[in-house]
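Since the structure comes first, as structure tokens, the remarks are kept for the end.
The values are calculated or read from the model by the stated rules, or taken from the named source; none is laboratory data. Fair warning: this is a prediction, and the values are worked out from it, not measured in the lab. Ideal geometry is used to build each Cβ from the backbone, glycine not excepted, and the neighbour counts take in all protein chains shown. SASA here: full protein model, heavy atoms, side chains in, ligands and nucleic acids out. Shrake-Rupley method; radii C 1.70, N 1.55, O 1.52, S 1.80 Å.
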Amino acid sequence: MERGLLIVLSGPSGVGKGTVRKHLFEHYNNDFDYSISMTTRKQRAGEKEGVDYYFRTREEFEDLIENNGLLEYAEYVGNYYGTPLQYVQETLDSGRDVFLEIEVQGALKVRKQMKEDGIFIFLSPPDLGELESRLIGRGTDSVEMIQKRIQKAVQELKLIQYYDYVVENNSVDQAAQKVRHIIESEHLKVHRNLRHFTEIIEEME
């Protein structure tokens, strides 16, 4: 059995990672599982425990850090975000793909640990003005926090060189389609299919 593929979707806060991911899962037939992230930030209206995030206290999160229970984690504007390790490893070992939607800091940590397993996709805004409008429209942050997120986004855009693909989020449906096409293309790469075709050749010989 071939090991599953780790699909990492990342980008600045407010770029629409969650919206694109939800659209991808709701409108396309997908053969991968979504790995729900863990965070210490406050639960927003409409968010559900175990669906949008696993919401934990700072103390609980730091216990997991100490016990190596996270694939990656990062502290972003005062809150921790991370990916539970056990679920990811078990799913990949079973041959299924795992989809991560995480912050840029976390994505770069995952790349260091699991470069061979993963494809790394950077979701970018059309421009910073549009990103600011989206953050304001979200209505969840103060003006000061929005400015912090914009400044952070500028720094994160400079890290795009460490990703395999970039998808501009002009349209949620188009962005989701592009992500889907990237995943399909990755599964067709020769090195991911060599074992299968080697077995076919051996049988024919």
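Tell me the residue from 3, 41, 21 that is over 30 Å from residue 193 (Cβ atoms) and not in a strand (DSSP E or B), please.
On the way: 3 fails: over 30 Å from residue 193 (Cβ atoms); 21 fails: over 30 Å from residue 193 (Cβ atoms).
Unique residue meeting the criteria: 41.
Anything in the range 24-38 that is without any contact (Cβ under 8 Å) to a residue 60 or more places away in the chain and assigned to a loop (DSSP other than H, G, I, E, B)? List them, or say none.
29, 36
Out of curiosity, is residue 151 under 25 Å from residue 180 (Cα atoms) and open to solvent by 50 Å² or more (accessible area, probe 1.4 Å)?
Values: under 25 Å from residue 180 (Cα atoms): no; open to solvent by 50 Å² or more (accessible area, probe 1.4 Å): yes.
It is false that residue 151 is under 25 Å from residue 180 (Cα atoms) and open to solvent by 50 Å² or more (accessible area, probe 1.4 Å).
Which residue, of 150, 146, 136, is closer than 22 Å to residue 44 by Cβ and free of Cβ contacts under 8 Å to residues at least 12 places away in the same chain?
On the way: 150 fails: free of Cβ contacts under 8 Å to residues at least 12 places away in the same chain; 146 fails: free of Cβ contacts under 8 Å to residues at least 12 places away in the same chain.
Going through 150, 146, 136 in turn, the sole match is 136.
Do we have residue 129 as crowded, with 19+ Cβ neighbours inside 10 Å, of a type outside the set (S, T, N, Q) and either in contact with a strand residue (DSSP E or B) (Cβ under 6 Å, 6 or more places away or on another chain) or farther than 22 Å from residue 46 by Cα (or both) here? Spell out the reasoning first.
On the way: crowded, with 19+ Cβ neighbours inside 10 Å: no; of a type outside the set (S, T, N, Q): yes; either in contact with a strand residue (DSSP E or B) (Cβ under 6 Å, 6 or more places away or on another chain) or farther than 22 Å from residue 46 by Cα (or both): yes.
No, not satisfied.
For the range 169-188, which residues satisfy the criterion of being open to solvent by 70 Å² or more (accessible area, probe 1.4 Å) and under 23 Å from residue 139 (Cα atoms)?
In the first step, residues of the range 169-188 are kept if they are open to solvent by 70 Å² or more (accessible area, probe 1.4 Å); the result is 170, 174, 178, 181, 184, 187-188.
Across the range 169-188, the qualifying residue is only 170.
Limited to the range 9-25, what total is found for residues that are over 20 Å from residue 126 (Cα atoms) and open to solvent by less than 10 Å² (accessible area, probe 1.4 Å)?
The total comes to 0.
Restricted to the range 49-97, and to residues that are under 17 Å from residue 111 (Cα atoms) and of a type in the set (Ser, Thr, Tyr), which residue is least open to solvent (accessible area, probe 1.4 Å)?
If we take residues in the range 49-97 being under 17 Å from residue 111 (Cα atoms) and of a type in the set (Ser, Thr, Tyr), then 83 is least open to solvent (accessible area, probe 1.4 Å).
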